[in-house]
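A quick write-up on the structure given underneath.
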């Protein structure tokens, strides 16, 4: 009986906090109405949360007949999280407060030495973001690190990340946690991008979403029936290893997947070189296509047909509400149009396909969503299973033109 009362109290605390987070500034009477708890219970919990420094008075209700009521909201700077996106070419670190506001971001090229150098770099960029926002290190309670591979929960390494040397042979998870001085979770960067698009991007409120990152590497983040799908070893969505495109039985396809070898950015450059005899980067190939270069247009058509086959294969298995394309290739509207044309020829029903609204910040925002959900669950629901944690709208800085 005592245990049941204790759990009930935790659930009530979580419900009150959720109402304050989502609707604040909010009065105690409004919290009681939303949660179904008595006004006395709500008042007791609010006072405890206020004494602990999690909520604060913000004023009084206005526009009502009769007495006004005190309103409350979360103390946004009571705790913070780090959200880090480790990419093959760029490393981004952001610091986010309890009110879902990104207060600072630091960006620089990814250290090419990999391994321990990456761990040091993550610590330095997170510290730089904290300094920008004048945040004390001990105020940061949690960190989410998006990695371009599959985290191994057994030894803390990151596997299937050929663009970041050395993180497959060390306990990357524990080392980053020590470096940052807080608990850390590692998650595949494309999975985080899917979460970001569902929270604040092209797939808002979609319970079935596929985010496909097309760039140097190719991967997918899958959300089905509202749940992020990881698979037995965390490798669900590794589309680059689909067994078509290049020869899947070529030994090289075990290192870089057969699909990725033909649909990734390196393949675009190789294909253009074979047609034109000229070496161009991916942005230049798109520019040439827009200028009417037939070789460049052929490269985009060939790539789009292959990507359409990949999307059709994925859709036949997962049946998503929306497919969101991102990455250095996937975000291009020119490729999207070609993919839509090709897909209509190889898949029997219409599919909603859009480019990412979050762009290069998709994984960073997904990390913020995952980290804040974890932090709110830990702080205000004491880790109880089955407690629904929803977050308010993301409050991000102006990222237009960010590196």
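Numerical summary
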read-out: Linear extension gain, residue 38 paired with residue 341, 0.36 nm per residue minus alpha-carbon span; value: 103.3 nm
read-out: Degrees, to the nearest 10: 115-132 long Cα axis against longest axis of the chain; value: 50 degrees
read-out: In range of the label at residue 68: residues from the stretch 37-59 whose backbone nitrogen is under 15 Å from the point 7 Å along Cα→Cβ; value: 57-59
read-out: Three-way shape call for the stretch 287-403 based on the alpha-carbon gyration tensor, with the a/c threshold at 1.5; value: oblate
read-out: On Cα atoms only, tilt of 189-200 relative to the major axis of the chain in degrees; value: 50 degrees
read-out: Residue-span extension gain [residue 382 to residue 301] - 0.36 nm each, minus C-alpha spacing; value: 23.9 nm
read-out: Between the stretch 148-176 and the stretch 83-105, the Cα center-to-center distance that results, in Å; value: 20 Å
read-out: Label of the coordinate-derived value, Cα extents along the principal axes in Å, listed as (i) 78, 47, 43; (ii) 71, 51, 38; (iii) 70, 62, 41; value: (i)
read-out: Chain lengthening between residue 174 and residue 254 when straightened (0.36 nm per residue, less Cα-Cα); value: 26.0 nm
read-out: The stretch 277-294 and the stretch 314-391: distance between their alpha carbon centers, rounded to Å; value: 29 Å
read-out: Cα shape, the stretch 199-274, gyration tensor, a/c 1.5 rule; value: oblate
read-out: Modelled FRET efficiency - R0 45 Å, residue 136 with residue 270, Cβ distances, 0.05 increments; value: 0.35
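Just so you know, all these numbers are worked out from the coordinates, no wet-lab data involved. Being a predicted model, the structure only gives us computed values, none of them experimental. Please note: Cβ atoms are built from the backbone with ideal geometry, for glycine as well, and neighbour counts cover all protein chains shown.
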